[in-house]
Amino acid sequence: MARRRKQGRDVNGILLLDKPIGISSNHALQRIKRLYNAAKAGHTGSLDPLATGLLPLCLGYTTKFSAFLLDADKRYRVRVRLGISTSTADAEGEVTATASADNVTESAVRELLAGFVGTIEQLPPMYSAVKHQGQRLYKLAREGKEVQREPRAIRIYALDLLHFDPPEIELQVHCSKGTYVRTLAEDIGSGLGCGGHVSALRRTGVGPYVEGNIRFVTVDDVAAAAEQGSDALDSLILPLDTALNHCPALRLSTNAAFYLGQGQPVLVPQAPTAGTVRLYDQSERFVGVGVILDDGRVQPKRLL
């Protein structure tokens with residue numbers, strides 16, 4: 001049987017897409033994939049259609065490493081409308097309750113926010129992609145069903161009040177993977193005694209990529225580059241190892257690179273004593289990711 005011919009261009013790297021409001025993450029991904037004529041592409045954690053901001057897209061072999069960005073911490077800027085609760089905890093849902101937010105003070109908000117910082121338990125919302133008995137919760141929610149969910153441990157590294165403009169407040173959130181900002185907004189509204197929902201949300205950072213420190217690329221940027229050709233398109237892509245800059249780098253000897261390529265752990269001089277490491281060959285070419293074993297050897301985890 002003949003092999004299927006690969007469709008599309010062999011392009012590799014990470015595109016830091018600034019997703020616009022009103023489209024799903026998958027819609028954005030498919031549009032970029034078509035513009036690049038890429039053979040393979042994937043995103044690293046979806047954003048709601050209501051949300052804008054950073055959606056890192058992995059092209060080509062980079063998709064094998066998408067878990068590193070899926071597991072990375074995230075940063076958001078969010079506006080919370082106090083006094084109105086909705087079925088989805090955002091502006092797209094139906095209003096389920098209203099209450100006055102006139103008595104909410106800035107000092108009360110700051111005091112409440114401090115209590116959310118650290119490791120906390122969070123209940124996944126019904127409108128989420130979490131599965132229950134093989135079905136996505138949002139599908140059950142659309143059928144009018146609500147099922148029991150187990151709370152999950154998440155970590156809020158920082159939660160800052162940017163603007164106090166009742167009945168809206170604007171927050172900056174730095175959190176672990178798996179955090180639902182909609183649920184956070186809902187819990188803040190509940191804690192203030194008036195309810196609340198997300199009226200606007202922007203993701204400003206994923207792992208090492210933070211708005212202001214690095215350029216995010218719009219769909220229009222990509223479309224304009226596509227008119228100029230492949231070189232212009234590829235100039236917008238970042239190398240894979242930029243996603244792993246927080247991991248120490250190790251240079252491998254020719255022998256070490258060979259045995260690691262065979263899946264065998266090796267000893268590397270001056271390696272860290274624990275954790276994940278970036279691996280480079282003698283030509284300074286990135287070859288993959290390894291982990292340090294208890295005996296000090298480097299075990300390959302994901303190789304190109």
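The values are calculated or read from the model by the stated rules, or taken from the named source; none is laboratory data. The structure displayed is predicted, hence computed values, not measured ones. Methodologically, a virtual Cβ is constructed for each residue, glycine included, from the backbone with ideal geometry; neighbour enumeration extends over all protein chains shown.
The figures follow:
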{"item": "Residue under evaluation CYS194, criteria (1) crowded, with 17+ Cβ neighbours inside 10 Å; (2) in a strand (DSSP E or B), criterion not met", "result": "(2)"}
{"item": "For HIS246: the one exception among (1) at pLDDT 90 or above; (2) out of contact with any strand residue (DSSP E or B) (no Cβ under 8 Å at 6 or more places or on another chain); (3) assigned to a loop (DSSP other than H, G, I, E, B)", "result": "(1)"}
{"item": "Unmet requirement for ARG75, which otherwise passes all of (1) farther than 15 Å from VAL181 by Cβ; (2) among the basic types (Lys, Arg); (3) in contact with a His (Cβ under 6 Å, 6 or more places away or on another chain)", "result": "(1)"}
{"item": "Total residues in the stretch 44-72, condition in a helix (DSSP H, G or I), under 18 Å from LYS33 (Cβ atoms) and not hydroxyl-bearing (Ser, Thr, Tyr)", "result": "4"}
{"item": "Residue within the stretch 12-34 that is part of a loop (DSSP other than H, G, I, E, B) and of a type in the set (Asp, Glu) present", "result": "no"}
{"item": "Residue list for the stretch 250-298, restricted to those being charged (D, E, K, R) and under 25 Å from ASN12 (Cα atoms)", "result": "ARG251, ARG278, ASP281, GLU284, ARG285"}
{"item": "Checking TYR259 against (1) surrounded by 13 or more Cβ atoms within 10 Å (Cβ to Cβ); (2) in a loop (DSSP other than H, G, I, E, B); (3) not assigned by TED's automatic domain parsing to the domain that holds ASP48, the condition it does not meet", "result": "(2)"}
{"item": "Failed criterion for ALA38 (all others in (1) touching a helix residue (DSSP H, G or I) at 6+ places or on another chain (Cβ under 8 Å); (2) surrounded by fewer than 20 Cβ atoms within 10 Å (Cβ to Cβ); (3) small (Gly, Ala, Ser) hold)", "result": "(2)"}
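Residues checked against (1) among the polar types (S, T, N, Q); (2) more than 21 Å from LEU159 (Cα to Cα); (3) in a strand (DSSP E or B); (4) in contact (Cβ under 8 Å) with a residue 40 or more places away in the chain:
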{"residue": "ARG77", "(1), (2), (3), (4)": "no, no, yes, yes"}
{"residue": "ARG81", "(1), (2), (3), (4)": "no, no, yes, yes"}
{"residue": "ALA97", "(1), (2), (3), (4)": "no, yes, yes, yes"}
{"residue": "VAL104", "(1), (2), (3), (4)": "no, no, no, yes"}
{"residue": "SER107", "(1), (2), (3), (4)": "yes, no, no, no"}
{"residue": "LEU112", "(1), (2), (3), (4)": "no, no, no, yes"}
{"residue": "ILE120", "(1), (2), (3), (4)": "no, no, yes, no"}
